[in-house]
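The values are calculated or read from the model by the stated rules, or taken from the named source; none is laboratory data. Keep in mind that what you see is a predicted model, and the values were worked out from it rather than measured. In this analysis, Cβ positions are derived from the backbone assuming ideal geometry, glycine residues included, and neighbour counts consider all displayed protein chains. Each accessible area value is taken on the protein alone, full model and side chains, heavy atoms only, with ligands, DNA and RNA left out. Shrake-Rupley method; radii C 1.70, N 1.55, O 1.52, S 1.80 Å.
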Amino acid sequence: MVFNACINDGIVAFGDARSCFEALRPVRRVADAADAFLEAHVEDAPFIGLHVRHGNGGDIMGHAFSWQAFGTAMMRIRRAVDVARERLGKQALVLLCTDSSDVQSEITRTIPGVICRPKPYRPPGHGELHHGPDAAARLDDALIEMVLLARCNALVRYPAASFFSLYAAVMKPTEDPHPVDLLSLARPSNSQDRLSPAVLF
């Protein structure tokens, strides 16, 4: 099965998304890479998956509102990580998956206990990872990070409706009841700030 475009507009119900994603299996090299990373860096401890969709100067359409001020975005993310750590424990590791080296630098500088998979980034301001002359070479990195995020105990999504982290939002283990629709997975964690990240347990 091959998808050449986002399928989120065609799926509304959580149950439909779950059925679709459960039918997909990562190829062996992707699954093995995810397993090896978790074994080396996380072991069996609870961890937070943090997905930050920045765009790196690309056209991120509706997500651009979340990046009107970089510092404000970073503050929102730090607060959401604090919310997740209140439930998982202050020492819970944070696995950061992002498309921006600037985001990675700032988050690893300001949030303790952050781990990242090594991967090549495009230069700052040069656009998204899935574009550009070397886009095909970065596909495995994207798939591995999707699988890793789906294994987290808490998921922080910024922007809250970024499609990249939808697979993880639907497939991650949880003790909470599943929602009826996918919109619930993009609900801001701070009801007073519509641009705050979603935090899922």
State, as an integer percentage, the relative contact order of region 126-185 based on alpha-carbon contacts under 8 Å between residues 6 or more apart. 28 percent
Label-point separation (nm) for Ile115 and Thr174, each offset 7 Å from Cα along Cα-to-Cβ? 2.4 nm
How big is the C-alpha Rg of the chain next to the rule-of-thumb value 2.2 N^0.38 Å, as a ratio? 0.96
Excluding ligands and nucleic acids, what accessible area in Å² is computed for Glu39 using a 1.4 Å probe, to the nearest 10? 140 Å²
Integer Hz, Karplus 6.51/-1.76/1.60 couplings in order for region 188-196, x for Gly and Pro: x, 6, 10, 5, 8, 9, 5, 9, 6
What do you reckon, how do Val180, Val83, Val42 stack up by accessible area (1.4 Å probe), largest on top? Val180, Val83, Val42
Chain lengthening between Ala64 and Ala137 when straightened (0.36 nm per residue, less Cα-Cα): 23.7 nm
Between Glu22 and Arg187, how many nm apart are label points set 7 Å from Cα along the C-beta direction? 2.3 nm
Rank Arg28, Arg187, Arg85 by mean-square fluctuation in a GNM of the chain with C-alpha springs under 10 angstrom and give only the top-ranked residue. Arg28
